[in-house]
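The values are calculated or read from the model by the stated rules, or taken from the named source; none is laboratory data. None of these values were measured; they are calculated from a predicted model. Cβ placement follows ideal geometry from the backbone for every residue including glycine, while neighbour counts extend to all protein chains displayed. Calculation scope for accessible area: heavy atoms of the full protein, side chains included, ligands and nucleic acids excluded. Shrake-Rupley method; radii C 1.70, N 1.55, O 1.52, S 1.80 Å.
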Amino acid sequence: MKKRNSWLVGSLLACLLAATAFSGCGDDDDDKSDGGTDTDTDSDSDSDTDSDTDTDTDSDSDTDTDSDTDTDSDGGADACVDPVPGAPVVTSDVVVSFPTGTSAQTYTLTFNEDVFDVGMSTISWTAVSGSGTLDSVTAVNATTYTIAFSGMSDGDEYTITVGTGISDVCDNPVASPIDIDITIESSYFHETFDTFISGDPDGQNGWTATASGSYTWLANVGGTPSPVTGPDGDHTSGVGTYIYAEASAGVLNDTTTMETTAINLTGTTAPELSFWYHMFGSVVGTLEVEVDDGSGYTNVFTITGQQHTSADQLWTQTIVDLSAYAGDTINIRFISSRGDGYTGDMAIDDIDIREPPLPLVDFYADIYITLPGNVLHLYDLTENLPVSWLWTITGPGTVTFEEGTVNTDQNVAISMDATGLYTVTLAATNINGSASTVKTDYISIENTCTLDGGTYTAASIPMDLYWDYSYSQSIYYPADMCGGGTIIEISWEYNGAGASTETIVIAMGHTTKSTFSSTTDWVAWSSLTSVYSGTFVLAATPGWYTVTLDTPFVYNGTDNLLVAVDRNTGSYFSSLYDFYAFSTVGNVSLEKHQDMTDILPASPSTGTLRAYLTNTEFSYY
């Protein structure tokens with residue numbers, strides 16, 4: 001017996017077109033007919049007894065071939081992996097420099113598209129100190145925005161809040177807005193090159209470019225033309241303009257020079273030059289910086305040879321002391337000397353002359369979510385030449401510095417012994433003073449409790465993909481769990497028979513039931529808490545597939561836990577699409593499946609008793 005007569009025709013056609021949603025084109029192994037609802041009370045097997053022989057002419061057997069797969073460390077695959085709440089997703093805690101005497105400035109915010117899908121978000125402006133205003137927000141592309149603000153003064157502090165319109169990789173709205181702290185500082189000279197037209201920079205924005213031969217400075221966007229040399233984008237935003245010396249032309253020791261207009265340092269006491277460079281290439285030559293106060297040029301900086309190992313490596317900042325020129329009027333020139341070959345492109349960007357700023361503190365973790373005792377690493381991203389650091393991590397457990405690191409190292413390795421959320425603070429000091437950044441609830445330490453070992457693959461729990469709709473409830477005992485805590489993820493082990501995108505709702509609750517006594521012994525939907533509503537992506541790869549809960553569930557650790565899964569996909573797949581399960585003593589699961597009509601969790605009517613549980617994993621803190 002086949003699933004439906006029309007299904008047979010459709011599947012034969014699909015096989016001919018090599019587009020079937022399941023493996024094989026023979027008979028399916030689960031008998032059912034039009035509209036039939038399986039009401040098998042057998043506790044360990046699904047033996048349909050429908051005798052309905054109606055013919056259904058509906059040949060709809062839609063197949064979602066979405067195979068997005070995030071493979072986790074145990075070889076499984078996650079449907080999606082949420083960043084821990086509060087994890088940084090944008091360029092944060094920035095210093096915006098502007099020329100002294102001006103009152104308007106723009107700044108580019110670049111979002112990390114690997115973590116967040118960003119639409120036209122709400123961006124607001126709050127003055128911590130100062131009277132500046134946010135004038136406009138312009139989308140450069142899906143992940144980059146230019147903000148224009150005016151009326152600011154040196155030393156002002158503002159917070160840009162990025163609010164609605166942002167979703168995480170699981171398409172869940174971000175629970176709280178993202179704050180970016182901005183400090184305004186006057187600059188006696190400020191150049192990002194973003195107004196330059198690509199090509200010859202001579203004469204643009206007052207700069208003078210000269211060359212001893214065909215080797216010359218050029219304005220550029222994106223990577224340089226030659227392979228294995230140069231950066232892959234500018235420093236300012238990654239999508240703007242920078243200046244680089246093109247090594248494909250010229251000969252060894254050719255030089256090219258970029259010279260500023262006159263810069264008035266009247267009123268300064270300890271000015272400094274800040275700029276960013278990128279020197280990737282096996283035969284990079286020499287970069288020099290010289291200053292002229294009217295008495296001739298004097299060298300203040302020299303660096304030679306390759307300094308970066310790839311085009312996408314972060315740019316390097318250098319700061320040069322110009323206190324000897326306080327109160328003077330100066331010119332600065334950048335001189336590039338060609339190495340012995342074309343793989344010698346060097347680049348400069350974001351040039352500022354200013355009074356010394358405090359450290360601009362930032363950092364990141366290589367792992368945001370892990371288990372107690374696991375080691376993670378914190379890496380310093382502080383700008384403005386910090387010379388000392390102090391890490392402070394607070395949370396519910398003991399923090400141990402690992403791998404020989406201590407809390408005063410620039411980069412550290414740490415572990416925590418208790419579940420929960422941990423706040424990380426980094427204080428950094430340079431020659432001008434100290435500053436700090438706090439990232440609240442930045443690290444999540446979780447327990448993972450796994451019930452596995454089952455190899456039975458005819459399970460209808462947690463959902464039955466062979467039918468249009470299904471609804472299930474399963475009971476987990478305290479002995480199955482790893483104590484009480486806040487459940488934030490649930491995973492099931494799938495056999496990988498095919499890919500599909502499911503539409504599901506998950507609810508959880510405490511229950512006094514230890515088993516289901518009859519095929520109508522459902523726990524009332526109204527007594528449960530909805531914890532997830534959305535998609536659940538399965539790939540054609542066996543492994544663990546994870547749902548990150550919209551609303552974490554607080555399990556008390558003493559009562560039985562009930563998990564209900566309502567599948568509303570409205571389409572079916574091969575009966576081979578299944579989850580691994582293991583047998584239990586007693587009917588700890590109750591499920592219902594049917595075609596054509598959705599199942600209402602509030603009134604599911606008669607279901608089927610099951611004496612098994614799906615291989616399940618809970619993550620909680």
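Remarks
- Within the range 565-590, the only residue that satisfies the criterion of being of a type in the set (Asp, Glu) and either modelled with pLDDT of 95 or more or surrounded by fewer than 19 Cβ atoms within 10 Å (Cβ to Cβ) (or both) is 566.
- Looking only at the range 271-288, and only at residues there that are surrounded by fewer than 21 Cβ atoms within 10 Å (Cβ to Cβ) and not acidic (Asp, Glu), the one that is nearest to residue 348 (Cα to Cα): 286
- Hey, residue 232 surrounded by fewer than 18 Cβ atoms within 10 Å (Cβ to Cβ) and touching a residue at least 24 places away in the same chain (Cβ under 8 Å) or not: yes
- Among the residues of the range 271-301, the ones that are closer than 26 Å to residue 223 by Cβ, in a strand (DSSP E or B) and not charged (D, E, K, R) come to 11 in all.
- Per the listing 169, 162, the residue uniquely open to solvent by 30 Å² or more (accessible area, probe 1.4 Å), at pLDDT below 90, under 30 Å from residue 551 (Cβ atoms) and among the aliphatic types (A, V, I, L, M) is 169.
- Checking the stated criteria, residue 297 turns out to be at pLDDT 95 or above and of a type in the set (Phe, Trp, Tyr).
- Qualifying positions in the range 530-557 - out of contact with any Cys (no Cβ under 9 Å at 6 or more places or on another chain), of a type in the set (S, T, N, Q) and either under 20 Å from residue 617 (Cβ atoms) or at pLDDT below 95 (or both): 541, 551, 556
Residue-wise test of (1) more than 17 Å from residue 282 (Cβ to Cβ); (2) part of a loop (DSSP other than H, G, I, E, B); (3) of a type in the set (A, V, I, L, M).
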{"site": "202", "(1), (2), (3)": "yes, yes, no"}
{"site": "214", "(1), (2), (3)": "yes, yes, no"}
{"site": "229", "(1), (2), (3)": "no, yes, no"}
{"site": "236", "(1), (2), (3)": "yes, yes, no"}
{"site": "242", "(1), (2), (3)": "yes, no, no"}
{"site": "247", "(1), (2), (3)": "no, yes, yes"}
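- Residue within the range 217-228 that is closer than 22 Å to residue 146 by Cα, among the aliphatic types (A, V, I, L, M) and open to solvent by 20 Å² or more (accessible area, probe 1.4 Å) present: yes
- Screening the candidates 261, 268 for the property of being of a type in the set (Ser, Thr, Tyr), assigned to a loop (DSSP other than H, G, I, E, B), out of contact with any Lys or Arg (no Cβ under 7 Å at 6 or more places or on another chain) and crowded, with 19+ Cβ neighbours inside 10 Å yields one hit, 268.
- Residue 605 assigned to a loop (DSSP other than H, G, I, E, B) and touching a residue at least 40 places away in the same chain (Cβ under 8 Å): yes
- Only one of the numbered conditions (1) closer than 25 Å to residue 447 by Cα; (2) not small (Gly, Ala, Ser); (3) not in a loop (DSSP other than H, G, I, E, B) is violated by residue 396, and that is (3).
- Pair list, Cβ under 6 Å, 6 or more apart: the range 302-320 residue open to solvent by less than 30 Å² (accessible area, probe 1.4 Å) and at pLDDT 95 or above, other residue among the β-branched types (Val, Ile, Thr) and not in a strand (DSSP E or B): 305/284
- Yes/no for residue 444 being surrounded by 15 or more Cβ atoms within 10 Å (Cβ to Cβ), of a type in the set (S, T, N, Q), modelled with pLDDT of 90 or more and more than 30 Å from residue 317 (Cβ to Cβ): no
- Which listed residue is at pLDDT below 95, surrounded by 16 or more Cβ atoms within 10 Å (Cβ to Cβ) and in contact with a His (Cβ under 8 Å, 6 or more places away or on another chain), from 365, 347, 413: 365
- Residue within the range 454-470 that is at pLDDT below 95, part of a loop (DSSP other than H, G, I, E, B), more than 21 Å from residue 588 (Cβ to Cβ) and in contact with a Gly (Cβ under 6 Å, 6 or more places away or on another chain) present: yes
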